[in-house]
Structure formats: structure tokens, C-alpha cells
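None of the figures in this text is laboratory data; all of them are computed from the coordinates on show. All values derive from a computational prediction rather than experimental measurement. Cβ: placed from backbone, ideal geometry, glycine included. Neighbour counts: every protein chain shown.
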Ligand SMILES: Nc1ncnc2c1ncn2[C@@H]1O[C@H](COP(=O)(O)OP(=O)(O)OP(=O)(O)O)[C@@H](O)[C@H]1O
Ligand SMILES: [Mg+2]
């Protein structure tokens, strides 16, 4: 039946009634057939659809936000998430990481309708068996199911400590993607140092409940004293991105031993890559800190003080929960905010308190809590990845902070040489576009470079000032790989997939200064090379003149022309040798060469590292031919 009396809204306008199927029914619409469906307002229909979404359901529908949008991205992303976790687990235990990755294509196929081809035909991708094993701390038996079976469950989200993972999403997204594409569960085998045996769990994630569905669990043998092995069956499109990701990961973690074996097509021979560690030294362990008051949003502080149950006074609340707040500082801050020190935390006026903190001289957070790659280690690492690079340099900034969060910038560059050229984009014959490798907490960022602050700042630099050709606002056109590394207790990613770093003025500023420093070193090398080329050119001109002079002297003196030419050439060569020797003499202001034992396993490379510091040449002097021969 059509409702003849229309509802009247707040402003007196009649509201449209809608059938449950969503079709509007005009109040005075004539209908030949009676309508038996229940009539509801649009708001009522919406209300019937409303229900809470749990994170597992959300990310199952939005796996693209986490890097699992298509089989190519998903394969690299899965390897990245598992390897990140492995390196974090090794760092937590303070051991040199040994991580192995085995990727094997099976005969099972995953089919998708694609819009890549015009007819919308079906594309199929192989289902890979992926196993990542580490020698990290392992996971306690009682925690395995939750750690791997509940989205947003993990050990890092609430921790103010530098780590590759920070959200509690990574491995879960990989498991959800695996069960969506291969229908297979994840197999997790883990052992802590105190467990006599390993513990194996086979599980899926019930995304409706965001909880693990245990297929089986049992005690098993584990080949290492401690560690974790995660096995997944995932659909993937194997491309060079996988190898280049592992290469970059090894660049960022010179202390890690990474083994990768891949069977890209069923039945093929495995291809094995072994990135041995470049040095045996463990980087300084990152330290846990409490949050800094300036890193708090007012709303978060409000919630924190409302939920606090452990402190009886505002002063106690500040001292206990925040870094850099002593008793005296808490009193000063509360006084400046017009609050009494003894009020209960629930009565703190958060806006007044934050204003006082911003305007007062609250110290920056402690900056020695980070674990950077280290300039020497980065240099060794670059040399290992680009063994024939003509020139390598690195620079770093002192730790600094953005909005109360400590961070540090390190940069490096490899210039020239075949391995560098192979990594750069070839624009045309002999012209190459440089490449940027972005690292965040020692982990390569593989996608979305254009939205990433680290990439944008590299493009912002005027590289022409440093003798590198560049179109305005673009990357320099040179056979050059630029490595940009950011470490922080909280990397400000712009998306949950951790592809790109968001804008923060302090990070931009520090990175710019570091890159300018790098630019000056590259410019030094290019000038040095140009001088060498110029010198060679001059020598070749002298050689041509020498022939002429020998002929004239021979005519004047009647002596043998060849003999005179030979003597002239000998004189030129001995001058060349003397010049080369004087150039190799270290300048007083040149940085000292590293001690031989600093790089014990690569003595031949040490020579290269020293040679990489271009000596300062004396001021250019134009010789006349007579002066030169004198
Ligand atoms: N190989 C491993 N060794 C030890 N613990 C692990 C390992 N893999 C995962 N875990 C545990 O499982 C938790 C969940 O991992 P997950 O990758 O989902 O999140 P995360 O690493 O905390 O953060 P992110 O989403 O940024 O990766 C981790 O916090 C860690 O405690
Ligand atoms: Mg993780």
C-alpha cells in the first residue's frame, strides 16, 4: 500500500519514503499494483545495514592499502614483511641475523579476470611456496596463535623503540592474502632459547572474528637453537623487484647474512643468491623510551589522562609517563599551565599543558636511542653491492627530532662503474638517470616513491651546483645511485603499507643538509676526474708536438730523429710519473685512512676506499711547452 500521509521533516518538508529495495516512492504516486514491502526512510535502511567492522575484515577488503593489491606487489610485500619481522626478532635478541628465503613456484595456479587485456580475459599466476627462516628470539608458545592469527596484535605498536615493524599488520596481511589466493593456512614453526623443542602451529585467520583458526599444533624439531620459520602459499608474479628488494635490504643491513633461493617456474633449477654480511659488528641496539609530551595530540593526551589509574597527582602523571620530565620540570609545566601539582590527572587541562610545553624549554627527547647503519658500515655495504663503483661516499647528520620523536638521517652515493650503470635508468645512449634507494628503519621502501618525502628532497636539491646535469626538479642525469636512510623510533609513514614517508619540516631540513654534503663530495670527485682528463689531453698534445720538435732538432743538429723523439718521450713520461706520485701523497687536510684492521676481510677493497678520497690538486697552472720540457 502506498502511504498517503507523507512524513514531515524538521523543517516541515515531506520526507521521501523508500522501499527496502531502495526505490523512492513519491507520496502521491499512483500505483496500479499494491506494494506489500515494508516502507522505510533512507536513514532507517542505512541503520539496518550498520555494524562494527573489525580490522581483519577491513584489511581483507583493502589489502591494496598494505601492498597486496596485485600478485606482483603482493609477492614482494610478503617477502618484505616476513624478512622485516625476522630482522627485528634478531635485533631484539642482539644476534647477527641469518635469514633464509626459499621461494618455489608450484604447479597450482591462481586465476583472476584482468582488465589489463582488452577482452577482460583470465590471467593466471603461479602459487608459490614461500618460507622465511631466521635465528631471532622466537615466539613464546602461548603467544604464537595470537601473534600470527589476530590482526593488529603484536609487540611493537605501543613501543617507543626503533624497529622495522610498528603496526601489528604486516605478517597478518600476508597470511590473509595467502588464504584468499591459495586457500592454504600458514605454518609457523618457532623456538625460543629456553624451549627444548620447536613448536609448530598451522593456522588461518578468521577475518569475521579477527581470531586465529587453529588447524593443528605440535612440538617439532627446529634446526636452530632459536628462531622462527614462517611458511605461506601465495599467488605471485615473480619479477626482478624481488631480487632488487633483497639486495637493497642487504645494503641497509650490512651485518645480516641473507640467503635467497628461487624457483620461478615449476621444475626449474633453483637460482641462489647469497648476500654475505659486510661486517661482523652488531649495530648499537635501539633503546626503548617513553613518549615525549610534544609528540602527543591533545585528544590522545586527554584520553590518556582520563584512563590513567596508576597516578594520584598531575605531577606524578607527567613524570611517570613522559620522557625528559623531572619533578622540577613537571612543577614548572603545571605552574605555567595554571594547574596545581596535586590535582588528579583527570583534571589536567591538556590544551594549557601542551601550550606550556611548546612555549617552555622542554628538552628534546634523548637522541642516543637510535640504531643507525653507521657511515663506515654503509660505505662497506655500498662497496659490496657496487664492487666496481668509481667513487663512493657517505654522510650523516647528528640525531634530531620531529614533534618529540627522535630520528637520524644517513646518506650515501655510488658513482660510475658498470654495476651502478646497470641499476640506473638508461635515457639514451650514454645518458643515465640516477637512482634513489630509500630506507626507513633499515628497510627498503619499494613503491610510491613519488609521494615520499625522502624522494622529493633528493629531487629538490640543485645537483647542477655539484657538477651533475639535472633538469629542474628532477633526478640528476648521471650514473649515480643515491642512498637515503631515515631511522626513527616512529617513522612517519603516510600509508599503512609503509611505502612512503610523510612530510615533516625537520626531516626535510636534515636530509637536505646531508644531501648537500654528499653533493660536495661528488663534486670533488668529478672535478678531480675532470682535471685528470684534462691532464691526459695535455699529455697527448705534447706527444704530437714531440714528433714535430724531434724532426726540427734533427734537421738542425743532424742527429737521428727517432733517437731525439725517444729521449723527449722518456722525459715526458718521467714528468708524468713524478706528477702522479705527488698526487698520491695525502694532503694534510685529507681524512685519515681507516686502520687496516677496520676492514679485515677485504684488504683489497680498503685500497679502493682510500683511493676514493680525491686528493686536493694544486692550483691549475698552464705550462708552456718549454716549461714542461724543462
Ligand atoms: N619472525 C618472527 N620472530 C619473532 N616474532 C615475530 C616474528 N614475526 C612476527 N613476530 C611477532 O608477531 C607480531 C606481529 O607481526 P606483524 O608483522 O603483523 O606486525 P609488526 O611487525 O609488529 O608491525 P608491522 O605491521 O609494521 O609489520 C610482531 O610484533 C612480533 O611480536
Ligand atoms: Mg612486521
Quick check: the angle from helix 298-307's long axis to the longest principal axis of the chain, C-alpha only, nearest 10 degrees? 50
With each pseudo-label sitting 7 Å past Cα toward Cβ, what's the residue 571-residue 223 distance in nm, one decimal? 7.1
The simple spin-label model distance between residue 265 and residue 474, using points 7 Å out along Cα→Cβ, in nm, is 3.7
Full-extension gain in nm, residue 534 to residue 351, via 0.36 nm per residue minus C-alpha separation: 59.4 nm
Throw me the Rg/Rh for the stretch 401-498, computed over C-alpha atoms with Kirkwood Rh, two decimals. 1.00
Over the stretch 293-359, what per residue volume does the convex hull of the Cα atoms give, in whole Å³? 71
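With r defined as the distance between the Cβ atoms of residue 311 and residue 429 and R0 fixed at 56 Å, what FRET efficiency is calculated, to the nearest 0.05?
0.20
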Per the 1/(1 + (r/R0)^6) rule, R0 = 45 Å and r from the Cβ atoms of residue 193 and residue 465, FRET efficiency to 0.05 is 0.25
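Could you sort the peptides 277-288, 338-349 by per-residue average Cβ neighbour count (10 Å cutoff), highest mean leading?
My ranking of the peptides, most packed first, is 277-288, 338-349.
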Show me the ranking of peptides 309-318, 41-50 by mean Cβ neighbours inside 10 Å, starting with the highest. 309-318, 41-50
At a temperature of 4 °C and a viscosity of 1.567 mPa s, determine how fast the stretch 452-590 diffuses translationally according to Stokes-Einstein, using the Kirkwood radius over alpha-carbon pairs as Rh; express D in µm²/s, rounded to the nearest whole number. 66
Length-normalised contact order for the stretch 55-182 - Cα pairs under 8 Å, 6+ apart - percent: 29
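Taking every eigenvalue of the Cα gyration tensor of the chain, multiplying by 5 and rooting it, what semi-axes result, largest first, whole Å?
For the chain, the ellipsoid semi-axes come out as 59, 33, 29 Å.
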What whole number of Å gives the distance from the Cα centroid of the stretch 283-301 to the Cα centroid of the stretch 80-154? 30
As an exercise, use a Förster radius of 35 Å and the Cβ-Cβ distance of residue 240 and residue 403 to find the FRET efficiency, rounded to the nearest 0.05. 0.40
For the stretch 170-310, what is the relative contact order in percent, using Cα pairs closer than 8 Å and at least 6 residues apart in sequence? 17
With labels modelled as points extended 7 Å from the Cα through the Cβ direction, what inter-label distance (nm, one decimal) is found for residue 121 paired with residue 340? 8.1
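What Kirkwood hydrodynamic radius do you get for the stretch 56-275 when you take the inverse of the mean 1/r over all pairs of distinct Cα atoms, in Å?
That comes to 17.7 Å for the stretch 56-275.
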Helix-derived [θ] at 222 nm for the chain: sum -39500 (n - 2.57) over DSSP H runs of at least 4, divide by residue count, nearest 500? -11500 deg cm²/dmol
For the chain, calculate the relative contact order in percent as a whole number, restricting contacts to Cα pairs under 8 Å that are 6 or more residues apart. 10
